[in-house]
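Engineer: Sharing a structure below in structure tokens format, with a few things to ask.
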Amino acid sequence: MLAFIVAFAVAPPNPHALVDSAIAAMGRTAPLMRIHSLRLSGMQHDFVLGNAERAEGPWRVSYSQFNQIDDPLSGSSRRVEQTIAPSGVKSPERVTILTDTVVATRTGGRESGGSHGSYEDIIDRIDGSPDRALVLASNSQALRLDGTVTRFGITFDVVSFPWRNGRMKLELNRETHLPDAVVIVREYPDNFRWEAFGRVTMRTDYVDWTISGSGAFWPMQAKVSFNGQPLRDITFADVVLDTALVPADSFAVSDSARLQFGRNSRLNFSQFRLGARGQPTELAPGIVRVPDFWAMTLVKQPDGVVIFEAHISGQYLHDVIGEANRRWPGSPIKAIVMTSDPWAHLGGFREAAAMGIPIYVRSTSLPFLASLVKGGQQPKFVPVAARTTIGIGENKIDLYPVRGPYAERMLMAYFPGRKLLYGADLVFPNRGPDGRTIAGFDATPANDLRRAVAREHLEVESVFCVQTYGPFAWADFFR
């Protein structure tokens, strides 16, 4: 007798059915798809990514307390927030409203339009909340099943759909059906700290699922990471889901704030162009500062031009190169000097690497900067661990590591022919009571720079920096 074994293929789960199960599991006795208001309050712990002694962290942190009301169906949100100082003192309330295509803020009764970069961050927070993410997934005609992942010994079904300029993924717990994680993979071209990374992974893990007063499940903690780095931890004190409509004026934004938001779009980092905030000026013959959010500097030498920094965006770097070509036709760009590696100062780095321009950097920054380069590119790094000279003549540049607790990863650039110092990101004037008079300089960064100048026995007469103010007399800076 012949035995036949027939194998039957098991059809993969339907992604919409998985989302329907998640909606039912999260809503329990509450009609989740008919929730019109979500009221949240709690505490938030933010990691200030990209702003530390090192570009890899560990990170400085800030704390805040908030009350928020969302309309899960429209995606509108109103958040009232106060930061909390280590002393316990709270800041004035700041109200942030996101509605349709606009974000606006109110502080002290004054309303203003926000930036496109903040809009993209806030809309991810709102639409990445578990209830809203399920609504978006349910309504998507392009929802697909990406397979499964196993975490903590639990199997998760992963569904995804197109979102903004990337994709949103939901990891649905196969045992509870709850959306334990929402992952957004996309680019943030107008975020001055995130743009340099290109396509990034923003992951929110939802934990401590608790039955709320409305009968629905809600995660009482959310842990958000950026490319695996901690970004923010949120702990909810109270959650109220309601089918009643939110008052229409809750998300009202004035016409003036809408107009300002539109105008601000011209200053988006992806569109920011040279001259938006000031014209280049010559500090000394052949040394030209290009101001904007931060300053870049052009240095003409006999065999070409050196550029200090690579801020804002690849397009902006091309604008600066165009300015050099206009001033000194036929002079090649011989080098870029990057005096520090905080994320906010890296917008044009990948473009500089792709162009094959030699890039002078602090030797300790090399592993981090190399990790940003995509597609197997080999940047022409010139690591600086001790005095390194670029060029000859009046505009010869000597690069030195600064060192110190604040300037651990920074370089300073000295022009011995002019007794002029470029003090990287270390020159911060303190203003007097009138807001104009300079009453000294921020002590910690200034201390690192002063010690480095003394260590290298440099004769400095004036100092300028990556910011747009100065130059300052060294005698005034040294006081």
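The values are calculated or read from the model by the stated rules, or taken from the named source; none is laboratory data. From a predicted model like this one, the values you see are computed outputs, not experimental measurements. For neighbour counting, all protein chains shown are included, and Cβ atoms are generated from backbone atoms with ideal geometry for every residue, glycine included.
Engineer: Can you name the strands (runs of 3 or more DSSP E) wholly within segment 49-125 that have at least 1 residues being polar (S, T, N, Q) and in contact with an Asp or Glu (Cβ under 6 Å, 6 or more places away or on another chain)? Talk me through it step by step, then tell me what you get.
Structural biologist: Working: elements: 61-71, 76-84, 94-99, 102-107, 110-113.
Output list reads 61-71, 76-84.
Engineer: Looking at Pro92, Pro130, can you tell me which residue is of a type outside the set (D, E, K, R) and under 24 Å from Thr210 (Cβ atoms)? It would help to see each step written out before you state the result.
Structural biologist: Details: Pro92 fails: under 24 Å from Thr210 (Cβ atoms).
Among Pro92, Pro130, only Pro130 is of a type outside the set (D, E, K, R) and under 24 Å from Thr210 (Cβ atoms).
Engineer: Would segment 317-330 turn up any residue that is out of contact with any Phe, Trp or Tyr (no Cβ under 7 Å at 6 or more places or on another chain), in contact (Cβ under 8 Å) with a residue 12 or more places away in the chain and either under 21 Å from Glu56 (Cα atoms) or polar (S, T, N, Q) (or both)? So that I can check it myself, show each step before the final result.
Structural biologist: So the first thing to find is which residues in segment 317-330 are out of contact with any Phe, Trp or Tyr (no Cβ under 7 Å at 6 or more places or on another chain), and the list is 317-330.
Adding the requirement that they be in contact (Cβ under 8 Å) with a residue 12 or more places away in the chain leaves 317-324, 327-328.
Within this subset, residues satisfying the condition of being either under 21 Å from Glu56 (Cα atoms) or polar (S, T, N, Q) (or both) are none.
Scanning segment 317-330 turns up no residue that is out of contact with any Phe, Trp or Tyr (no Cβ under 7 Å at 6 or more places or on another chain), in contact (Cβ under 8 Å) with a residue 12 or more places away in the chain and either under 21 Å from Glu56 (Cα atoms) or polar (S, T, N, Q) (or both).
Yes/no per residue for (1) crowded, with 19+ Cβ neighbours inside 10 Å; (2) within 23 Å of Gln221 (Cβ to Cβ); (3) at pLDDT below 95:
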residue	(1), (2), (3)
Tyr63	no, yes, no
Pro72	yes, yes, yes
Arg78	yes, yes, no
Ser87	no, no, no
Ser91	no, no, no
Ile97	yes, no, no
Asp100	no, no, yes
Ala104	yes, no, no
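Engineer: With respect to Ile438, is the statement that it is under 22 Å from Leu283 (Cβ atoms), aliphatic (A, V, I, L, M), surrounded by fewer than 17 Cβ atoms within 10 Å (Cβ to Cβ) and more than 24 Å from the chain's Cα centre (by Cα) true?
Structural biologist: On the way: under 22 Å from Leu283 (Cβ atoms): yes; aliphatic (A, V, I, L, M): yes; surrounded by fewer than 17 Cβ atoms within 10 Å (Cβ to Cβ): yes; more than 24 Å from the chain's Cα centre (by Cα): yes.
Yes.
Engineer: Could you give me the residue pairs with C-beta distances under 9 Å whose first residue belongs to segment 433-445 and is under 30 Å from Pro401 (Cβ atoms), whose second residue is modelled with pLDDT under 80 and part of a strand (DSSP E or B) wherever it lies, and which are 6+ apart or on separate chains?
Structural biologist: These pairs meet every condition: Ile438/Arg431; Ala439/Arg431.
Engineer: Read through the list (1) in the same structural domain as Gly114 (by TED's automatic domain parsing); (2) modelled with pLDDT of 95 or more, then give the number of the only condition that Glu309 fails.
Structural biologist: (1)
Engineer: Next question. Restricting to segment 143-196, name every residue that is among the small types (Gly, Ala, Ser) and without any contact (Cβ under 8 Å) to a residue 60 or more places away in the chain.
Structural biologist: Filtering segment 143-196 down to residues among the small types (Gly, Ala, Ser) leaves 147, 153, 160, 166, 181, 196.
Listed by number, the residues that qualify are Gly147, Gly153, Ser160, Gly166, Ala181.
Engineer: Can you tell me which of Gly166, Gly147 is more than 25 Å from Val253 (Cβ to Cβ), small (Gly, Ala, Ser) and within 27 Å of the chain's Cα centre (by Cα)?
Structural biologist: Numbers: Gly147 fails: within 27 Å of the chain's Cα centre (by Cα).
None of the other options fit; the residue is Gly166.
Engineer: In this structure, does Ile312 turn out to be among the aliphatic types (A, V, I, L, M) and under 21 Å from the mean Cα position of the chain (by Cα)? Show your work before the answer.
Structural biologist: Working: among the aliphatic types (A, V, I, L, M): yes; under 21 Å from the mean Cα position of the chain (by Cα): yes.
So Ile312 fits the description; yes.
Engineer: Any chance you could count how many residues in segment 194-213 are in a loop (DSSP other than H, G, I, E, B) and out of contact with any strand residue (DSSP E or B) (no Cβ under 9 Å at 6 or more places or on another chain)?
Structural biologist: Filtering segment 194-213 down to residues in a loop (DSSP other than H, G, I, E, B) leaves 194, 198-199, 212-213.
Filter once more, keeping what is out of contact with any strand residue (DSSP E or B) (no Cβ under 9 Å at 6 or more places or on another chain): 198.
Going through segment 194-213 one residue at a time, the tally reaches 1.
Engineer: Among the residues of segment 126-169, write down those that are touching a Lys or Arg at 6+ places or on another chain (Cβ under 9 Å), among the aliphatic types (A, V, I, L, M) and in a helix (DSSP H, G or I).
Structural biologist: Ile126
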